[in-house]
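Take a look at the structure set out below.
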Amino acid sequence: MGMLNVSGLSKRFGALRAVNDVSFEVSEGEILGLIGPNGSGKSTTFNCIAGLYPPTAGSIVFEGQEIAGRTAFENCHKGIGRTFQIPRPFRNLSLMENVALSAWFGQDRAVTRAECWRLAEEALALVGLPVDPRITTAGLGAAALKKLELARALATQPRLLLADESLNGLDHGEMEQAADMLERIRREKGITIVWVEHIMGVLMRVVDRVVVLDHGEVIFVGKPKDAQANARVIEVYLGSEAA
């Protein structure tokens, strides 16, 4: 059994079945890519794991405990950190204060102010942002905001990191840096990562395996190189003529 086991996961919104009988597992220390075109169900699957949506059916087991239906803050306290596709930092706070707040509220134990500042410094340094407590979010570009979002998640001390669309809005060079950063976080901190993304290219050189979704269902699970050669995956991304 893996660190995370998703089995028979389904999610309905009224008559719409956004996710249908999705199953996969994530091994400890792995980077798993959860990919698919827009509308494939990957974000809904992600949000069910994170605790934003309660599943309609199915099981989500994290480190041997059922977490399906738990709230996002409960999952965070159990060791699941997440980023958001659209960063929304506290604009009236400094970078350090933004990240320190995550450290303060993101763990299921009492922490001191000094420890929160230390965790914030570590997280900011890891993602390559300045640790000067006077620096604010003013003027941050898309890449820096993505880094701040990642630092806030890391400050909660997760064992499993759910990274949501980390490449969206970045140019190619920034995408390469973001992918390298996730790999470094896995290597240096030992954090298991589920990376949800619709942009395949850069992700494929970093992840160990991919789960490909289409219309809410799993169509492929395996190595990146095998996914890139799979006729069904090619058809989903490029159309039937390409396949």
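Of all residues in segment 137-154, which are open to solvent by 60 Å² or more (accessible area, probe 1.4 Å) and outside any loop (DSSP other than H, G, I, E, B)?
If the condition is that a residue be open to solvent by 60 Å² or more (accessible area, probe 1.4 Å) and outside any loop (DSSP other than H, G, I, E, B), then no residue fits.
Within segment 158-180, which residues are more than 22 Å from Lys42 (Cα to Cα) and open to solvent by less than 50 Å² (accessible area, probe 1.4 Å)?
Correct list: Gly173 only.
Can you confirm whether Leu129 is open to solvent by less than 40 Å² (accessible area, probe 1.4 Å) and closer than 21 Å to Ala103 by Cα?
Judged against the criteria, Leu129 is a match.
Would you pick out the residues in segment 22-66 that are among the charged types (D, E, K, R) and out of contact with any Gly (no Cβ under 9 Å at 6 or more places or on another chain)?
Residue satisfying the conditions is Glu66 alone.
If you take just the helices (runs of 4 or more DSSP H) that sit entirely in segment 24-118, which of them hold at least 1 residues that are of a type in the set (Lys, Arg) and open to solvent by less than 20 Å² (accessible area, probe 1.4 Å)?
42-50
Under 21 Å from Val99 (Cα atoms), surrounded by fewer than 17 Cβ atoms within 10 Å (Cβ to Cβ), in contact with an Asp or Glu (Cβ under 9 Å, 6 or more places away or on another chain) and at pLDDT 90 or above: does that describe Gly190?
Against the criterion (under 21 Å from Val99 (Cα atoms), surrounded by fewer than 17 Cβ atoms within 10 Å (Cβ to Cβ), in contact with an Asp or Glu (Cβ under 9 Å, 6 or more places away or on another chain) and at pLDDT 90 or above), Gly190 qualifies.
Say whether the condition of being in a strand (DSSP E or B) and closer than 19 Å to Leu32 by Cβ is met by at least one residue in segment 165-174.
No.
I need a count of the residues in segment 208-243 that are in a loop (DSSP other than H, G, I, E, B) and either within 25 Å of Ala18 (Cα to Cα) or touching a Lys or Arg at 6+ places or on another chain (Cβ under 9 Å) (or both).
8
The values are calculated or read from the model by the stated rules, or taken from the named source; none is laboratory data. Note that the structure is predicted; figures quoted are calculated from it, not measured. A quick note on method: Cβ atoms are made from the backbone with ideal geometry, for glycine too, and the neighbour counts reach across all protein chains shown. Just the protein is used for accessible areas: all its heavy atoms, side chains included, with ligands, DNA and RNA removed. Shrake-Rupley method; radii C 1.70, N 1.55, O 1.52, S 1.80 Å.
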